[in-house]
1. Given +1 on the Cβ of Lys and Arg, -1 on the Cβ of Asp and Glu, and no further charges, what dipole in debye does region 22-150 carry about its Cα centre, rounded to the nearest 20?
2. Excluding PHE60 itself, calculate the net charge of residues whose Cβ lies under 14 Å from the Cβ of PHE60, where each Lys or Arg counts +1 and each Asp or Glu counts -1.
3. Which whole-angstrom value gives the distance between the alpha carbon centres of region 36-64 and region 68-99?
4. Rounded, prolate or oblate, given the Cα gyration tensor of region 146-214, with a/c below 1.5 counting as rounded?
5. Compute the Cα gyration tensor for region 15-159, then decide on rounded, prolate or oblate, letting a ≥ b ≥ c be the square roots of its eigenvalues: rounded whenever a/c is under 1.5, prolate when a/b is larger than b/c in the other cases, and oblate in all that remain.
6. Restricting everything to alpha-carbon atoms, can you work out Rg to Rh for region 91-223 with a Kirkwood hydrodynamic radius?
7. Counting only other residues whose beta carbon sits under 14 Å from that of GLN150, what net charge do I get with K and R as +1, D and E as -1?
8. For every other residue with a beta carbon closer than 14 angstrom to the beta carbon of ASP139, add +1 if it is Lys or Arg and -1 if Asp or Glu, then tell me the sum.
Amino acid sequence: MKNVWTLFTALILTVAIAVYTSSSTLEIVATTTGLLSVWFTARQNIWAWPIGIVNVICFFFTFEEAKLYADMTLQLFFLVLSVYGWIYWLTKREGAQVRPTRRITRRLVLTLAVVLVAATWAWGFVLHTYTDASIPYADALIATLSMIAQFLLSSKVLENWLIWITVDVLSIAMYAYKELYTFAFLYVIFLFIATAGFISWKRELRQSEQRRDARWNNIAQQV
C-alpha cells in the first residue's frame with residue numbers, strides 16, 4: 001500500500017508541474033505513462049510493457065517537436081525492444097510470474113562498450129551534419145545509452161539499472177537545458193526508481209543464487 005501511495009503522489013506532482021509549466025496534453029500523457037512503466041518495471045510486473053508501448057508513441061511525437069531527433073528515432077528501437085521484452089519476460093519463467101534476472105557477462109560488456117563509442121560518434125555526426133539538432137552529440141550519447149539499457153532490461157539483465165541511472169542523470173541536465181521541465185522532473189523520479197529497481201533486482205537475484213547453490217549442495221551431499 002505504501003508503494004501505491006508513493007506512485008500516486010509522484011503522478012500528482014508530475015501532472016501538477018506539467019500544468020504549471022503549460023505542458024501539452026501529449027507531454028502529460030508521455031510523462032505519466034513513462035512513470036507508470038518504469039514503476040511496474042522496477043517491480044518486475046509484466047504490465048510495464050503495454051504501458052511502455054503507449055509511452056514510446058507519445059515520446060516519439062514530443063521529441064519530434066523539440067527537434068531531439070536521436071531521441072525521436074530511439075523510440076522506434078524502444079518499440080521493437082518493448083515487444084521483445086514483453087515476449088522474453090513471459091518465456092522460461094520457471095514457475096515465476098516473469099523470467100528470472102541474470103547478470104551481464106564480460107563479453108557482452110566489451111561488445112556494448114564498442115557499440116556505445118561507435119554509435120554515439122556516428123549518430124552524433126549525422127545529426128550535426130544533416131539536421132538542425134540542438135545538441136547532437138549529447139543527444140546521441142543519451143540515445144545510445146538508452147538503447148543499450150533498454151536491450152539489457154528487455155533481456156532481464158540486472159545491470160540495465162546502472163545504465164539507466166546514468167541516462168537519468170544526463171537526461172535531467174539535457175531536458176532542463178531544453179526547457180522541458182516536466183520531462184526533467186520526470187527523470188528525477190526515474191532516477192530514484194532506477195536506484196530502487198537495482199537494489200530490488202539485486203536482492204532478488206542474490207536470493208535466487210543462494211537457493212540454487214543450496215540445491216546443488218544437497219544434490220552433492222546425496223551423491
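1. Dipole size: approximately 920 debye.
2. -3
3. With region 36-64 and region 68-99 each reduced to a Cα centre, they are spaced 10 Å.
4. prolate
5. Since a/c reaches 1.5 but b/c is at least a/b, the shape of region 15-159 is classed as oblate.
6. 1.12
7. Net of charged neighbours comes to -2.
8. Local charge sum for ASP139: -1.
Every read-out reported here was derived from the displayed coordinates using simple, explicitly stated rules and does not represent laboratory data. For clarity, every value in this text was computed on a predicted model and none was experimentally measured. Here the Cβ is made from the backbone with ideal geometry for all residues, glycine too, and neighbour counts use every protein chain on show.
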